[in-house]
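Here is the structure we will look at, set down as structure tokens.
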Amino acid sequence: MPTLASSDVPAPTVTVVPSRQRIFRKKIKKYRALLLMMIPGLAYLILNNYIPMYGVILAFKELNYVDGIFGSPWAGLYNFKFLFNSPDAYLITRNTVLYNGAFIIVNTSIALLIALLVNEIKDKVVTRFYQSTFLLPHIISMVVVAYLVYSFLNAESGFINRQLANWFGFDSISWYNEANYWPYVLVIVNAWKSVGYLAIIYFAAIIGIDKEYYEAATIDGASKWKQMTRITIPLIAPMIIVMTLLSISTIMRSDFGLFYQVPMNSGPLMPTTNTIDTFVYRAMIVRGDIGMSTAAGVYQSVVCFFLILGANFAVRRISKDNALF
């Protein structure tokens with residue numbers, strides 16, 4: 001029986017497993033462009049959102065400007081107790097939650113309707129024109145918006161009192177002294193400013209839908225309404241859910257410019273325009289109570305945190321794919 005020489009025996013193959021450091025360096029090299037683009041946003045997030053978080057301890061201290069933040073004596077939960085025992089606690093919480101709830105419902109409905117209508121426009125030039133027009137209010141400063149609203153609602157020279165009151169025969173209204181009108185005014189102003197941006201997001205999701213769905217539906221004789229309700233809306237439902245969850249995460253926060261500058265900081269409007277953000281500002285600037293204003297901010301953030309957890313948990317129970325995390 002012939003024997004094989006040692007030189008004829010094939011050498012065993014050895015698989016070289018790259019080290020973790022080598023894999024990490026390869027990934028860094030592969031995604032270095034994206035990482036460089038991420039640096040400015042990450043730096044802003046750290047400087048603007050994380051480093052100032054040490055100031056949260058002001059909610060538990062009685063600030064003494066001589067001793068500074070860390071040298072001031074501890075106050076425990078006194079600032080929270082003072083906040084919740086004040087008559088403003090329920091008012092500002094109610095206003096903030098109800099206004100944001102109305103904003104979510106109204107803005108989502110109108111933005112979705114606009115996105116569906118724009119999607120039916122076939123001329124690309126007209127579509128781009130509408131997109132630019134809808135986005136324009138979103139980039140206007142709230143200070144400018146406040147004076148635009150003032151030009152409509154001014155008691156003496158406003159468009160509504162000078163023109164519409166004469167045309168329709170109703171008495172002039174002192175808008176900045178009548179609090180009962182402002183829930184409607186603020187919802188309308190917020191919708192005018194925010195709906196366009198949200199509509200463009202939904203429109204971007206709609207144009208990403210495969211056209212074959214609509215072609216098949218047209219062959220089957222489906223009307224435009226059925227195409228919208230059976231194809232478009234179900235396929236962009238994940239985007240609607242994500243945007244709604246993001247809105248719920250800020251339901252305890254309010255647009256300071258909308259609730260402070262648009263009503264012109266009018267005292268008679270406080271019952272319907274005072275929210276947590278305006279309360280924090282007034283507590284810090286007008287009253288000089290930094291401890292209570294920080295306590296209000298901490299209360300705001302904690303409630304938002306648990307709200308987004310609860311909303312995300314509810315979405316996960318229905319559809320895990322549509323949850324944020």
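The values are calculated or read from the model by the stated rules, or taken from the named source; none is laboratory data. Because the structure is predicted, anything quoted here is derived from the model rather than measured. Neighbour counts run over all protein chains shown; Cβ positions are idealised from the backbone, glycine included. What goes into the accessible areas is simple: the full protein's heavy atoms, side chains included, and nothing from ligands, DNA or RNA. Shrake-Rupley method; radii C 1.70, N 1.55, O 1.52, S 1.80 Å.
Screening Thr294 with (1) touching a residue at least 60 places away in the same chain (Cβ under 8 Å); (2) open to solvent by 50 Å² or more (accessible area, probe 1.4 Å); (3) part of a helix (DSSP H, G or I) gives one miss only, at (2). Considering the conditions (1) within 18 Å of Asn85 (Cα to Cα); (2) at pLDDT 85 or above, Arg287 is excluded by exactly one of them, (2).
Residues that are open to solvent by less than 30 Å² (accessible area, probe 1.4 Å), assigned to a loop (DSSP other than H, G, I, E, B), touching a residue at least 60 places away in the same chain (Cβ under 8 Å) and among the hydroxyl-bearing types (Ser, Thr, Tyr) occur at least once in the range 250-271. Condition check for Val280 on (1) in a helix (DSSP H, G or I); (2) modelled with pLDDT of 85 or more; (3) closer than 28 Å to Val195 by Cβ: one failure, at (2). For the range 28-67, which positions are closer than 30 Å to Asn79 by Cβ and among the aliphatic types (A, V, I, L, M)? If the condition is that a residue be closer than 30 Å to Asn79 by Cβ and among the aliphatic types (A, V, I, L, M), then Leu45, Ile46, Leu47, Ile51, Met53, Val56, Ile57, Leu58, Ala59, Leu63, Val66 are the ones that fit. Within the bounds of the range 250-261, is there any residue that is within 15 Å of the chain's Cα centre (by Cα) and β-branched (Val, Ile, Thr)? Yes - at least one qualifying residue is present in the range 250-261. With respect to the conditions (1) β-branched (Val, Ile, Thr); (2) assigned to a helix (DSSP H, G or I); (3) out of contact with any Leu (no Cβ under 9 Å at 6 or more places or on another chain), Val66 falls short on a single one, namely (2).
Looking only at the range 69-83, how many residues end up being part of a helix (DSSP H, G or I), of a type outside the set (Ser, Thr, Tyr) and open to solvent by 100 Å² or more (accessible area, probe 1.4 Å)?
Restricting attention to the range 69-83, the residues satisfying the condition of being part of a helix (DSSP H, G or I) are 69-71, 78-83.
Add one more test, that the residue is of a type outside the set (Ser, Thr, Tyr), and what stays is 69-71, 79-83.
Imposing the further condition that a residue be open to solvent by 100 Å² or more (accessible area, probe 1.4 Å) reduces the set to 70, 81.
Residues in the range 69-83 being part of a helix (DSSP H, G or I), of a type outside the set (Ser, Thr, Tyr) and open to solvent by 100 Å² or more (accessible area, probe 1.4 Å): 2 in total.
Regarding Met53, is this residue within 24 Å of Arg287 (Cβ to Cβ) and either outside any loop (DSSP other than H, G, I, E, B) or modelled with pLDDT under 80 (or both)? Yes: the conditions hold for Met53.
The number of residues in the range 236-249 being without any contact (Cβ under 8 Å) to a residue 40 or more places away in the chain and farther than 17 Å from Ala199 by Cβ comes to 0.
Considering each residue of the range 84-122, count those that are touching a Pro at 6+ places or on another chain (Cβ under 9 Å) and open to solvent by less than 60 Å² (accessible area, probe 1.4 Å), and give that number. So that I can check it myself, show each step before the final result.
So the first thing to find is which residues in the range 84-122 are touching a Pro at 6+ places or on another chain (Cβ under 9 Å), and the list is 91, 95, 98-99, 102.
Now drop any that are not open to solvent by less than 60 Å² (accessible area, probe 1.4 Å), which leaves 91, 95, 99, 102.
Selection size over the range 84-122: 4.
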